[in-house]
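Presented below is the structure to which this report refers.
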Amino acid sequence: MEGEFYYPSQDAIAQTYVRDWEALAESARNDLQGFWAERANELFWFKKWDKVLDDSNKPFFQWFTGAKVNIAYNCVDVHLQTFRKNKLALIWEAEDGKSERAFSYYALNREVTRMANIIKSMGVSKGDRVTIYMGRVPEIVFAMLACAKIGAIHSVVFGGFSVDALQGRIADSESKLVITSDGSMQNGKLVELKRIVDESLRHCPTVENVIVVKRTNHDIPMEGGRDHWYHDLCALPIANGKCATEVMDAEDPLFILYTSGSTGKPKAILHTHGGYMVGTYTTLKYVFDINDEDRFWCTADPGWITGHSYLVYGPMLNGATTFMFEGGPAYPYPNRWWQLIERFGVSIFYTAPTAIRALMRFGDAWPNKHDLSSLRLLGSVGEPINPEAWKWFHRVIGKERCPIMDTWWQTETGMFMITPTPVVPLKPGSGTRPFFGQEAEIVDEEGNPVPDEQEGYLVLKNPWPAMMRGIYGDPERYVRTYWNKYPGKYMTGDSARRDKDGYYWIIGRVDDVIKVSGHRLGTAEVESALITHPAVAESAAIGLPHEIKGQAIMCFVQLKPGFGPTEELSEELRKHVATHLGPIARPDEIKFIDKLPKTRSGKIMRRVLKARAQGLPEGDLSTLEE
Ligand code: PRX
């Protein structure tokens with residue numbers, strides 16, 4: 001049943017490190033800015049703020065204005081002055097299990113400093129953009145923190161994206177430097193990252209240098225003067241020695257991260273040093289109750305926001321030990337993850353519904369082979385988790401002991417927004433209620449609140465420190481996309497409902513964003529990849545429900561004269577999208593169509609296509625072209 005409660009046991013509550021749950025919630029309710037100021041006071045500032053929140057130029061909110069800070073200093077340097085100096089910051093295991101690396105905070109500082117010296121030596125300084133395109137290896141963490149340390153703005157591009165996506169992101173950000181690796185390993189197969197970089201750079205004149213980390217050790221061409229092996233650079237005198245941490249304004253850019261929206265090219269979501277730091281630090285501390293005894297594993301890739309906030313920044317701000325695994329859940333066998341939890345004694349495990357559903361399919365025997373008793377908390381993110389998968393996760397992995405934190409948030413929010421804490425009664429499939437002090441609402445088309453139990457649009461009502469500071473280079477688009485429809489309220493792009501207990505249930509995106517295995521893709525991106533194929537006149541991509549992946553991509557294609565709808569062409573088009581945009585965007589199905597349904601003003605009616613594909617009523621067709 002949808003409404004059933006799962007109460008945390010008295011033991012589970014007694015074991016949390018945080019004690020004053022009620023008082024915290026109460027203080028945030030009564031004085032939101034005071035609450036955040038108190039959290040911020042737990043971190044290190046070169047100079048404290050004049051104002052906690054400056055909302056004089058809405059929706060361009062600013063936090064901790066006047067303060068001087070650097071997030072990297074808080075992730076690394078501050079721990080060197082405590083017992084954490086020799087504590088493990090990062091543990092890593094390779095996909096094939098043949099190598100394992102571990103870094104204390106002391107070692108992390110050495111690695112980050114060296115990388116920062118090298119990046120600086122490439123002529124990169126404060127405010128310059130650096131694109132990072134790698135697999136899940138420790139160097140991606142060093143690169144992100146090194147950029148932050150010297151005030152450069154990192155733009156991490158997911159290693160599962162391909163040429164079109166990478167090139168667009170490098171060009172839009174006008175990056176000076178690209179940091180990559182020769183290749184990465186995915187399910188035993190080599191992904192030729194450097195080759196993809198080479199192709200992308202043909203049309204990216206701003207890039208002066210490419211740093212290449214050796215990972216797969218296969219032969220790759222290196223362009224003289226532009227490409228440099230990282231290990232060669234490390235051997236140079238410039239790499240060694242101290243590197244000053246740049247003193248940043250709280251509102252100075254920390255990173256941009258491209259994410260897909262309804263229309264047009266992906267948006268460069270901008271986050272800043274001060275607010276993002278306070279938001280990710282606080283939410284990880286309270287939602288996952290993270291502590292020095294924990295070993296925290298977030299399975300996300302650093303190429304997505306979850307990896308930014310909760311694999312890199314959040315854990316390191318908390319001085320936690322974070323585990324990072326290069327591979328996926330089921331390679332070579334479906335017990336890979338469970339084996340790692342046992343081997344490394346993971347205590348908090350944060351993953352995505354798509355992975356849980358996929359692993360659930362292999363049955364209980366795989367996890368049951370392993371001792372999972374180190375676990376105390378579980379987490380889920382990226383898409384709605386169906387109650388069946390939730391219950392399996394709870395019973396088979398968490399042994400009914402470990403509460404599941406179903407965290408709802410977005411690239412744009414930077415931090416958890418609707419989420420339980422370990423002491424909250426849970427309902428499978430609901431993220432429960434907004435985080436301390438936050439307010440959400442479900443509204444109708446006109447922005448009026450709808451009654452409980454009724455579906456509507458999810459909006460957020462008050463600002464929070466880790467909120468995006470805009471779309472890099474396009475302030476107008478920021479206002480138009482998120483703030484225009486319901487003045488004064490942030491539009492999330494999700495539909496949801498609130499039940500009679502005040503719990504929120506996310507239904508899904510209301511725009512043209514598709515969530516494939518938790519990866520956020522835009523229909524526009526898939527369509528732009530298709531249109532570069534000579535046979536395609538026009539196309540429309542839609543997301544359809546899929547048992548494991550959450551959503552599958554279906555494309556309707558109108559062919560150019562002279563091309564016939566064959567099975568071979570269909571396969572070729574799917575491959576074309578995978579090569580250009582990335583394997584994650586490979587369409588599950590291509591349907592050839594004589595004419596796409598359009599409105600009289602020429603807009604493709606994806607709603608009609610979606611209904612047709614599912615055999616559902618097509619609704620109001622009065623605006624259809626013919
Ligand atoms: O639709 C919601 C879904 O993911 C969207 C945000 O995607 P992205 O920016 O890639 O960030 C994903 C990781 C934070 C949201 O608009 N979503 C995210 N978390 C959940 C979710 N849907 C339901 N439940 C969640 N816990």
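The values are calculated or read from the model by the stated rules, or taken from the named source; none is laboratory data. The model shown is predicted, which means the values in this text are computed figures rather than measured ones. Neighbour counts run over all protein chains shown; Cβ positions are idealised from the backbone, glycine included. Keep in mind that these areas ignore ligands, DNA and RNA; they rest on the heavy atoms of the full protein, side chains included. Shrake-Rupley method; radii C 1.70, N 1.55, O 1.52, S 1.80 Å.
Within 16 Å of the ligand (Cβ to nearest atom) and out of contact with any Asp or Glu (no Cβ under 7 Å at 6 or more places or on another chain): which single residue out of Leu426, Leu359 fits that description?
Answer to the check: Leu426.
Collect the residues in region 287-321 that are part of a helix (DSSP H, G or I), open to solvent by 10 Å² or more (accessible area, probe 1.4 Å) and either closer than 15 Å to Asp406 by Cα or in contact with a Lys or Arg (Cβ under 8 Å, 6 or more places away or on another chain) (or both), keeping them in residue-number order.
Hit for region 287-321 is Thr306, nothing else.
Name the single residue, out of those in region 315-347 being more than 18 Å from Leu375 (Cβ to Cβ) and in contact with a His (Cβ under 9 Å, 6 or more places away or on another chain), that is farthest from the ligand (Cβ to nearest atom).
Among residues in region 315-347 that are more than 18 Å from Leu375 (Cβ to Cβ) and in contact with a His (Cβ under 9 Å, 6 or more places away or on another chain), the one farthest from the ligand (Cβ to nearest atom) is Gly319.
A quick yes/no check of all residues on (1) within 14 Å of the ligand (Cβ to nearest atom); (2) surrounded by 16 or more Cβ atoms within 10 Å (Cβ to Cβ); (3) within 14 Å of Ile604 (Cβ to Cβ); (4) among the hydrophobic types (A, V, I, L, M, F, W, C):
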site	(1), (2), (3), (4)
Gly508	yes, yes, no, no
Ala529	no, yes, no, yes
Thr532	no, no, no, no
Ala535	no, yes, no, yes
Gly543	yes, yes, no, no
Ala552	no, yes, no, yes
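Picking from Ala12, Ala72, which residue would you name as being within 23 Å of Arg295 (Cα to Cα), touching a residue at least 60 places away in the same chain (Cβ under 8 Å) and touching a Cys at 6+ places or on another chain (Cβ under 8 Å)?
The conditions single out Ala12.
Is it the case that some residue within region 435-450 is within 12 Å of the ligand (Cβ to nearest atom) and either in contact with a Lys or Arg (Cβ under 6 Å, 6 or more places away or on another chain) or not acidic (Asp, Glu) (or both)?
No, region 435-450 contains no residue that is within 12 Å of the ligand (Cβ to nearest atom) and either in contact with a Lys or Arg (Cβ under 6 Å, 6 or more places away or on another chain) or not acidic (Asp, Glu) (or both).
Any residue that is within 16 Å of the ligand (Cβ to nearest atom), of a type in the set (A, V, I, L, M, F, W, C), out of contact with any strand residue (DSSP E or B) (no Cβ under 8 Å at 6 or more places or on another chain) and farther than 30 Å from Asp164 by Cβ - is there at least one of those in region 462-479?
Yes, region 462-479 has at least one match.
Would you mention how many residues in region 554-585 are assigned to a loop (DSSP other than H, G, I, E, B) and surrounded by 14 or more Cβ atoms within 10 Å (Cβ to Cβ)?
Summing the residues that are assigned to a loop (DSSP other than H, G, I, E, B) and surrounded by 14 or more Cβ atoms within 10 Å (Cβ to Cβ) in region 554-585 gives 4.
Would you be able to tell me the number of residues in region 411-425 that are over 17 Å from Lys285 (Cα atoms) and either open to solvent by 10 Å² or more (accessible area, probe 1.4 Å) or more than 24 Å from the chain's Cα centre (by Cα) (or both)?
2
Please determine, by comparing only the residues of region 194-227 that are touching a residue at least 60 places away in the same chain (Cβ under 8 Å) and not hydrophobic (A, V, I, L, M, F, W, C), which one is surrounded by the most Cβ atoms within 10 Å (Cβ to Cβ).
Arg215
In region 42-63, what count of residues is obtained for those that are free of Cβ contacts under 8 Å to residues at least 24 places away in the same chain and open to solvent by less than 80 Å² (accessible area, probe 1.4 Å)?
Matching residues across region 42-63 total 2.
Looking for something in a helix (DSSP H, G or I) and not small (Gly, Ala, Ser) - is there at least one such residue anywhere in region 180-192?
No, region 180-192 contains no residue that is in a helix (DSSP H, G or I) and not small (Gly, Ala, Ser).
Give all pairs with beta carbons closer than 9 Å in which a residue from region 377-388 that is within 13 Å of the ligand (Cβ to nearest atom) meets a residue that is among the basic types (Lys, Arg) and part of a loop (DSSP other than H, G, I, E, B); count only pairs at least 6 apart in sequence or on separate chains.
Close Cβ pairs (under 9 Å, with a partner that is among the basic types (Lys, Arg) and part of a loop (DSSP other than H, G, I, E, B)) amount to Pro387/Lys427.
Name the single residue that is most open to solvent (accessible area, probe 1.4 Å) among those in region 234-273 being under 23 Å from Ile531 (Cα atoms) and among the basic types (Lys, Arg).
Among residues in region 234-273 that are under 23 Å from Ile531 (Cα atoms) and among the basic types (Lys, Arg), the one most open to solvent (accessible area, probe 1.4 Å) is Lys265.
Does Ile507 satisfy being closer than 23 Å to Ser570 by Cα and among the aliphatic types (A, V, I, L, M)?
Numbers: closer than 23 Å to Ser570 by Cα: no; among the aliphatic types (A, V, I, L, M): yes.
Against the criterion (closer than 23 Å to Ser570 by Cα and among the aliphatic types (A, V, I, L, M)), Ile507 does not qualify.
Quick check on region 74-90. Is at least one of its residues farther than 30 Å from Asp499 by Cα and hydroxyl-bearing (Ser, Thr, Tyr)?
yes
Of everything in region 73-128, what is open to solvent by 50 Å² or more (accessible area, probe 1.4 Å) and assigned to a helix (DSSP H, G or I)? Give them in sequence order.
If the condition is that a residue be open to solvent by 50 Å² or more (accessible area, probe 1.4 Å) and assigned to a helix (DSSP H, G or I), then Phe83, Arg84, Lys85, Asn86, Tyr106, Arg110, Arg114, Lys120, Ser121 are the ones that fit.
Can you go through Phe64, Phe44 and tell me which one is modelled with pLDDT of 95 or more, under 19 Å from Leu317 (Cβ atoms), within 26 Å of the chain's Cα centre (by Cα) and assigned to a strand (DSSP E or B)?
Phe64
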